[in-house]
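Just so it is clear, none of the values below were taken in a lab; they were calculated from the coordinates. None of these values were measured; they are calculated from a predicted model. Heads up, the Cβs are rebuilt from the backbone with ideal geometry, glycines too, and the neighbour counts pull from every protein chain shown.
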Amino acid sequence: MEVTEPLVSICLPIYNGAKFLQEALNSIALQTYSRIELIISDDASRDASLAIINEFKKTINFPVLIYHHEPSGIGANWNNTIEKANGEFIKFLFQDDVLEPTCIEKMVEIFKKNPNLGLVASKREFIIQESFKSNDLEDWILKFSDLQKNIPSSAKDDYFYINKELFKTDYFFKSHLNLIGEPSVVMFRKNIIEEVGWFSTKLKQSLDYEYWYRILKIKDIIIIKEPLVKFRLHSEQETNNNRSRKIDDYYLMRKMLYEDYYTLLHSDLQRKLKSEFSIFHILKFKGHKFLKKIIKRLKS
């Protein structure tokens, strides 16, 4: 009996992405894995994004489903693509990134060989906008080009495993930012949402790796050593826009670690978070502020 390959939903949330969108779409059309659908969730784009997608639909032989979404934050748009997806697997691609032709094929193969995995990711390379190059960017690339450099893991020839023991390591204590990768580099089963829920709509910057860590709490992750995605660095991406806004993601992430991951963490990180978020510390801090207000009023 012929075995049917699992359907992979490529989830592409868009907003005014016309500048790089065609390149992203072309990389989907070049995939060596054929059983795919493309799910578009558009946050009321005002540029040519939808026109580009509608032209693209005429050139390919797989389903392209377009959904119009009322803008309410990037997390809500990501969640909408997952909700509309029909596939067994979710493969994100962002409007300014590019998939290597064998990306989906190789990720599905990893899942076939390791059916209990929570998530598969890969290394990535960068496409850098010429006008965006700077000394600061070079420093960033030097620091973050290899997110898993020296990470404690169980290595194979082509990939390595990460499990929840990562949370207890010195490595995680020193940096508990993104150690997995951006959404374009990951694939996971759609039914994982039944266990870990949806992307947070409270977070603006950290919602991707906060979600990966939720998965890592309950299932192992594999990182493919080959870069199967090209991640674009440019001045208009959301990460750079967030730098100019006041966001409280890092506070919220530390609070989540304290509330939801405490027993899994390195003892030094436990102590650090406890001093920041324990009820006694909060009451002491609030009480101190209240006392300062009283003294100020008495002096006035």
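The computed Kirkwood radius over Cα pairs in Å for the structure shown corresponds, within (i) 20.9; (ii) 25.3; (iii) 20.1, to (i). Charge dipole (Cα centre; +1 on Lys/Arg Cβ, -1 on Asp/Glu Cβ; no other charges) of the chain amounts to roughly 2120 debye. Each residue of region 211-222 was assigned a 3J(HN,Hα) from its phi angle through the Karplus curve 6.51 cos²θ - 1.76 cosθ + 1.60 (θ = phi - 60°); the sequence is 6, 4, 5, 4, 5, 5, 4, 10, 9, 6, 10, 10 Hz, with glycine and proline shown as x.
Only helical runs count toward this figure. For the chain, summing -39,500 (n - 2.57) over DSSP H runs of n ≥ 4 and dividing by all residues gives -12500 deg cm²/dmol at 222 nm. If a/c stays under 1.5 just call it rounded; otherwise compare a/b with b/c (prolate if a/b is bigger, oblate if not). Do that for region 2-161, with a ≥ b ≥ c from the square roots of the Cα gyration tensor eigenvalues. Oblate, because a/c is 1.5 or more while a/b does not exceed b/c. Farthest toward the positive end of the dipole of region 8-247, out of 78, 150, 102, is the Cα of 150, where the dipole comes from beta carbon charges about the Cα centre.
Phi angles of region 151-166 translate, via the Karplus equation with coefficients 6.51, -1.76, 1.60 and θ = phi - 60°, into HN-Hα couplings of 6, x, 7, 9, 8, 10, 5, 10, 7, 9, 8, 10, 10, 5, 4, 3 Hz per residue; Gly and Pro are given as x. Taking every alpha-carbon pair under 8 Å whose residues sit at least 6 apart, region 1-158 reaches a relative contact order of 30 percent. Only one residue of 28, 56, 222 has its Cα farthest out toward the positive end of the dipole of the chain, where Lys and Arg carry +1 and Asp and Glu -1 on Cβ, and that residue is 222. Packing order of peptides 174-187, 137-150, highest average first: 174-187, 137-150 (average count of other Cβ atoms within 10 Å over each peptide's residues). Backbone phi angles across region 70-79, fed through the Karplus curve with coefficients 6.51, -1.76 and 1.60 (θ = phi - 60°), yield HN-Hα couplings of 6, x, 8, x, 5, x, 5, 5, 4, 4 Hz in residue order; Gly and Pro are listed as x.
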